[in-house]
Each structure stands twice: as C-alpha cells, then as structure tokens.
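Notes for the one structure printed next.
The values are calculated or read from the model by the stated rules, or taken from the named source; none is laboratory data. These numbers come from a predicted model, not from an experiment. In this analysis, Cβ positions are derived from the backbone assuming ideal geometry, glycine residues included, and neighbour counts consider all displayed protein chains.
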Amino acid sequence: MLADVLPYLACPHCGAALSLAGATVRCGTGHGFDVARQGYVNLAPGTTSGDSAEMVAARAEFLARGHYAPITRAVVTAVGGAVGGGPGCVADLGAGTGHHLAAVLDAAPGSVGLALEIAKPALRRAARAHPRLGAVGADTWGTLPVRDRAISVALTVFAPRNPAELHRILADDGLLVVVAPTTGHLAGLVGALGLLTVAPDKARKITDQLAPHLRPSTQDVCEFGLELSHQDVLSLVGMGPSARHVGADELRARVAALPEPVRTTASVHVSSYRRT
Ligand SMILES: C[S@@+](CC[C@H](N)C(=O)[O-])C[C@H]1O[C@@H](n2cnc3c(N)ncnc32)[C@H](O)[C@@H]1O
Ligand SMILES: [Zn+2]
C-alpha cells in the first residue's frame, strides 16, 4: 500500500517529507498530489511516456505464464540477505507491472516495496501487485522522489539506470541488482523476427556507466530454454522495445511462419553493485 512507502519518499518539488491526507499525498510546504483511484500516486506530473497500455498488457500476460520465472528467482537470490527479515525498502526502478518486486517482497517479509514507473498502465497494475508495495509515478532519468540513503535494495530489470540517483537513494550498505540481456538473449528469434539486437559489450557498458557511483559486487548469467506458443511470441515481442519497430501485420506473418512451439533461449546477466 502507498502508506507503507511514504516514509521513504520526498516531495518532487521541495524535497520535504510526504504524508497521506485522504486521497491526497501532501508535503509540509503545501504541494499536493492526488492518489489515483487504482491506488498509485504520480509524483512526476506532466510526464507521459514509457510503455504503452498494449506493451504493459503483453508483459503482464507473458510474465503470468511463468516464462521468466527463472529470472525472477535469480533476482530474489541476488537480493538474498540484503534485506533479510528486517525492515527496509526495496525500490524497483522501471518496475513495469511489479511482478519481480512482488516476488522479492514475498521472500523478505519485513520489507516494503516501492515501484517507480513512468507508465500509467504499468502503475495501475503495480499498485495491486503485492500488499506491501506502493506504486509511484516517477521519471527515473530525473531526480527521484525518494529520500537520500533511504533504500536498502534497488532493482533495475530490463529498465533504464540513473547512476547518480541510484547512489543518492541507496543506504550505505545498500545493494543494486541489475538484470540486462546478454547478446544470446532470444537468439534465433531476434533474426527471424527482425528484433532489436543487444550490444555485445552491454554488461561492461553498464558497469562503466555505474562506475563513478557504484562498484560491481557479483555477476551471474541466468540462461534457460523457452518453449513458446505463437501467442507467447507475440506477447514477448509486444512487451519489448521491438514492438515500436516491427509493424503488427508484418510481425504476425513472421510469427505464423515459425514452427510451434517456438524454441529459444533466455539469457540475462544478473549483476549486483554496492556504493563506492
Ligand atoms: C522493459 S520494461 C521492464 C519492466 C519490469 N522491470 C519487468 O522486467 O517486468 C521497462 C519499464 O521501464 C519503464 N520506463 C521507461 N522509461 C522510464 C523512465 N524514464 N522512468 C520510469 N520508468 C521508465 C517502462 O514504462 C517499462 O515499464
Ligand atoms: Zn513540497
């Protein structure tokens, strides 16, 4: 619930503490933000981007079928004892539907979860993903509406990273867990469907990008086979960045031409970082 995460948040205009008054989140100096009917609050009013409703629906469908369950488990393992059973806040930046964050919270009974997202269709789903999760509209490229050093664990799963802000919001002993595709992710499908490719040195680029603020702690490869129906493939493509690059009819035709089930490999780096 939103109330669970308010102690970790800061007013996006003046940085003051926030409290809940009826259906409004307020700071002490008078800034107010309406709580949406679905239970999230938008602390980045005016921003309208991120994934579309169709992309979010495709993601929800694909994740609900359990195809990325090994990735979710790898995230839970990487978070490990960083939060334990004690109190603390796990922030997921670009949280999407809140799917991975909900699993982390299940494994960390004393913690609360903060889903930071820019897309309203995703915020609506994240707000009901877990009873200890609060969903907050935020642009993770900008200043986050989060207090300094308030966060025990930050997650970025297939989502953008803002090194300076991650450093600012993480506690001294905080942990960042990053999931990013390797070049082998969805091999075969990428060529057959004309999807976007992953840069060969993506993992190193991420570490370099984070370097002034965060140092690498652990890195694992999570790799597993996927057996997908044509509908699953359409969801998988529809939820990712390639959805904006391949026309719907063209995609449907290319998927129909594939053997069913479609066999491919999911391959991601699951890396963790500490404050420098
Ligand atoms: C590829 S999805 C991953 C979602 C989720 N982490 C998952 O793995 O299921 C990337 C997410 O980042 C969000 N996003 C993109 N740019 C953002 C920004 N500047 N601020 C906050 N969220 C953003 C998108 O709306 C989308 O939900
Ligand atoms: Zn304020």
Tell me which residues, restricted to the stretch 34-55, are in contact (Cβ under 8 Å) with a residue 40 or more places away in the chain and among the small types (Gly, Ala, Ser). Ala36, Gly39, Ala44, Ser49, Gly50, Ser52, Ala53
Could you check the stretch 1-15 and list, in sequence order, the residues that are under 23 Å from Val90 (Cβ atoms), away from ligand 1 (no atom under 16 Å from the Cβ) and not hydrophobic (A, V, I, L, M, F, W, C)? Asp4, Pro7, Tyr8, Gly15
Show the residue pairs that are 6+ apart or on different chains and have beta-carbon atoms under 8 Å apart, the first residue being within the stretch 18-33 and farther than 19 Å from Gly46 by Cα and within 9 Å of ligand 2 (Cβ to nearest atom), the second being hydrophobic (A, V, I, L, M, F, W, C) and in a strand (DSSP E or B). Leu18/Leu9; Leu18/Val25; Leu18/Cys27
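The rows are residues; the columns are (1) modelled with pLDDT of 95 or more; (2) within 14 Å of ligand 1 (Cβ to nearest atom); (3) buried (at least 17 other Cβ atoms within 10 Å of the Cβ).
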site	(1), (2), (3)
Ala17	yes, no, no
Gly32	yes, no, no
Thr48	no, yes, no
Arg65	yes, yes, no
Gly84	no, no, no
Please count how many residues of the stretch 131-162 are more than 14 Å from ligand 1 (Cβ to nearest atom), assigned to a loop (DSSP other than H, G, I, E, B) and farther than 20 Å from Arg274 by Cα. 2
Does the stretch 140-160 contain any residue that is under 18 Å from Leu63 (Cβ atoms), without any contact (Cβ under 8 Å) to a residue 60 or more places away in the chain and surrounded by fewer than 24 Cβ atoms within 10 Å (Cβ to Cβ)? no
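Check Ala203, Ala266 and return the single one that is hydrophobic (A, V, I, L, M, F, W, C), touching a residue at least 40 places away in the same chain (Cβ under 8 Å), part of a helix (DSSP H, G or I) and buried (at least 18 other Cβ atoms within 10 Å of the Cβ).
Details: Ala266 fails: part of a helix (DSSP H, G or I).
So the residue among Ala203, Ala266 that is hydrophobic (A, V, I, L, M, F, W, C), touching a residue at least 40 places away in the same chain (Cβ under 8 Å), part of a helix (DSSP H, G or I) and buried (at least 18 other Cβ atoms within 10 Å of the Cβ) is Ala203.
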For the stretch 170-191, check the following and say yes or no: at least one residue is part of a helix (DSSP H, G or I), touching a residue at least 40 places away in the same chain (Cβ under 8 Å) and more than 18 Å from the chain's Cα centre (by Cα). yes
Criterion first (of a type outside the set (Val, Ile, Thr), closer than 22 Å to Pro12 by Cβ, within 9 Å of ligand 1 (Cβ to nearest atom) and at pLDDT 95 or above) does Ala127 satisfy it? no
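Can you tell me how many residues within the stretch 130-157 are out of contact with any helix residue (DSSP H, G or I) (no Cβ under 9 Å at 6 or more places or on another chain) and either more than 17 Å from Cys11 (Cβ to Cβ) or away from ligand 2 (no atom under 16 Å from the Cβ) (or both)?
Just the residues of the stretch 130-157 that are out of contact with any helix residue (DSSP H, G or I) (no Cβ under 9 Å at 6 or more places or on another chain), to begin with: 138-139, 145.
Filter again for either more than 17 Å from Cys11 (Cβ to Cβ) or away from ligand 2 (no atom under 16 Å from the Cβ) (or both), leaving 139.
Summing the residues that are out of contact with any helix residue (DSSP H, G or I) (no Cβ under 9 Å at 6 or more places or on another chain) and either more than 17 Å from Cys11 (Cβ to Cβ) or away from ligand 2 (no atom under 16 Å from the Cβ) (or both) in the stretch 130-157 gives 1.
Filter the stretch 1-15 down to the residues that are within 15 Å of ligand 2 (Cβ to nearest atom) and surrounded by 13 or more Cβ atoms within 10 Å (Cβ to Cβ) and list them by number. Please lay out each step first, then the result.
Initial filter on the stretch 1-15 (within 15 Å of ligand 2 (Cβ to nearest atom)): 6, 9-15.
Correct list: Leu6, Leu9, Ala10, Cys11, Pro12, His13, Gly15.
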Could you list, in sequence order, all residues of the stretch 217-236 that are over 14 Å from Ala180 (Cα atoms) and either in contact with an Asp or Glu (Cβ under 7 Å, 6 or more places away or on another chain) or without any contact (Cβ under 8 Å) to a residue 60 or more places away in the chain (or both)? Ser217, Gly225, Glu227, Ser229, His230, Gln231, Val233, Ser235
Filter result (small (Gly, Ala, Ser) and surrounded by 13 or more Cβ atoms within 10 Å (Cβ to Cβ)) within the stretch 177-198: Ala180, Gly184, Ala187, Gly188, Ala192, Gly194
